[in-house]
Structures are given as C-alpha cells and as structure tokens.
Amino acid sequence: GPSGSGKSTLMHIIGCLDKPDYGEYFLNGKDVSKIHDDELAEIRNKFIGFVFQTFNLIPRMNALNNVEMPLVYRGENARHRRDRAISALREVGLGHRIYHNPNELSGGERQRVAIARALVTDPAIIIADEPTGNLDSKTGAEILSLFDELHKKGKTIIMVTHQREVAEIASKILHIKDGIIIDREIIKEM
C-alpha cells in the first residue's frame, strides 16, 4: 500500500511493538493483545526478528557486537553469543567483515548485518520494513534474494513495502488502504 495506508501500524502490531485498539491478536496460540509490555518484549526477543529500512545499527559497535545484542538481552553467555553472531554473519555473507563498524560498511553490508541480527535468535518470524528502501537496485535485489533463501529454509518473512517489484518475491501479497486489507493475492503456491 501507499504511504499512510497502515502498513507500519500493522507491522508494529504483528511484531508486538504496539497493541491493537480493539480485537484480539494471537501469536503462537497466545492472545498477545492485552499482555504487559515486559512480556511483549520477551515474546519479541523469542519469536520475532526485525529488519528496518534504516538498519538501526549502533554506530560505535562493530558488526559482531551489533548482531550479539538480542542475545545480550536474553542473558546468554559471551561465548555462545559470539558463536551464534559469527554464524549469522557468515550466513549473510559477512564472515569477513565482523570487526567493521557500520560506517566502514556499504549500505548493502549494513542491511546484511541487520538481517544477521534478526536471525541470531532463530526467530519464527522476520518482519522487514522497507528493507530495500535505502539501497540501489542491484544491492536491493541481493537482499531480496537473501530473504527468498531464508524463506526456503522455513522462515516466515513479513515484508512491508509500497514497491510492487519488491512485493512480487512473496508467496502472498496483502494490499492495504486506509488501514484496511482491500485485496489479497497468491503469487506462488507453497
């Protein structure tokens, strides 16, 4: 949908960043629409990985430390965090850039660090908000290919975009206008 259609609001509700004004939202069999914010944070850390258009990396931290952050919040030990973060960075093709700070990385590399950070907790769902919005078309295509590979490995990817060509890598597309899902398309059968 276009800007202002409700895509980000829907993403925030699905991602347990916001609660719906009314109704119920069940995630993994649990109604999360009325639970306390601390429990929502725990659910986010356990089940959901986020990838944002602006990367949201911590500038003074290298790629490895940025990717480790969700595991720090989980209270996991340093060795385990490091091993999982290195593995996630290798999975996105950045094993050779783990000690580089964000300002030393290209836009595509920064987005891959953000994807590795989303993957490090092995979430069931990855929510990507305009993940190619700040990238050139070649790098954007590489990021979409990476999401396609993750989906083939069993990850649920929820991607928010207003670009038709980006949406077409999906198996299903929901069109949103004025906060309402107005159309659904099945692009490819699973």
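Remarks
- Filter pass, residue 64 being out of contact with any Ser or Thr (no Cβ under 8 Å at 6 or more places or on another chain), farther than 26 Å from residue 149 by Cβ and in a helix (DSSP H, G or I): no
- Test for residue 151: is it touching a residue at least 60 places away in the same chain (Cβ under 8 Å) and under 18 Å from the mean Cα position of the chain (by Cα): no
- Residues of region 13-25 that turn out to be more than 19 Å from the chain's Cα centre (by Cα) and without any contact (Cβ under 8 Å) to a residue 12 or more places away in the chain, as a count: 4
- Checking each residue in region 71-87 for being part of a helix (DSSP H, G or I) and modelled with pLDDT of 95 or more picks out 71, 72, 78, 79, 80, 81, 82, 83, 84, 85, 86, 87.
Each row is one residue, and each column tells you yes or no for (1) assigned to a helix (DSSP H, G or I); (2) under 20 Å from residue 152 (Cα atoms); (3) touching a strand residue (DSSP E or B) at 6+ places or on another chain (Cβ under 8 Å).
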position: 89; (1), (2), (3): yes, yes, no
position: 96; (1), (2), (3): yes, no, no
position: 103; (1), (2), (3): yes, no, no
position: 110; (1), (2), (3): yes, no, no
position: 121; (1), (2), (3): no, yes, yes
position: 126; (1), (2), (3): no, yes, yes
position: 131; (1), (2), (3): no, yes, yes
position: 135; (1), (2), (3): no, no, no
position: 138; (1), (2), (3): yes, no, no
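- In region 150-176, the residues that are exposed (fewer than 10 other Cβ atoms within 10 Å of the Cβ) and farther than 23 Å from residue 123 by Cβ: 164
- Look at region 85-106: where a residue is under 19 Å from residue 49 (Cβ atoms) and a partner is acidic (Asp, Glu), sitting 6+ places away or on another chain with Cβ atoms under 8 Å, you get 85/68; 94/109.
- Test: residue in region 38-58 that is in a helix (DSSP H, G or I), under 21 Å from residue 150 (Cβ atoms) and hydroxyl-bearing (Ser, Thr, Tyr): no
- If you go through region 8-22 and keep only what is part of a helix (DSSP H, G or I) and of a type outside the set (Val, Ile, Thr), you end up with 8, 10, 11, 12.
- Only one of 179, 95, 133 that is in contact with a helix residue (DSSP H, G or I) (Cβ under 9 Å, 6 or more places away or on another chain), surrounded by fewer than 20 Cβ atoms within 10 Å (Cβ to Cβ) and over 26 Å from residue 66 (Cβ atoms): 179
- Condition check for residue 144: among the hydrophobic types (A, V, I, L, M, F, W, C), assigned to a helix (DSSP H, G or I) and crowded, with 16+ Cβ neighbours inside 10 Å: yes
- Close pairs (9 angstrom Cβ cut-off, 6 or more residues apart or separate chains): part of a helix (DSSP H, G or I) in region 156-172, loosely packed, with under 14 Cβ neighbours inside 10 Å and modelled with pLDDT under 85 anywhere: 167/187
- Listed by first and then second residue, the pairs linking a residue in region 1-12 that is within 16 Å of residue 163 (Cβ to Cβ) and in contact (Cβ under 8 Å) with a residue 12 or more places away in the chain to a residue that is of a type outside the set (Val, Ile, Thr) and in a loop (DSSP other than H, G, I, E, B), with Cβ atoms under 6 Å apart and 6 or more places separating them unless they lie on different chains, are 2/162; 7/1.
The values are calculated or read from the model by the stated rules, or taken from the named source; none is laboratory data. Bear in mind that the values here come from a model prediction, so they are computed numbers and not experimental data. When we count neighbours, we look across all protein chains shown, and the Cβ atoms used for this are built from the backbone with ideal geometry, even at glycine.
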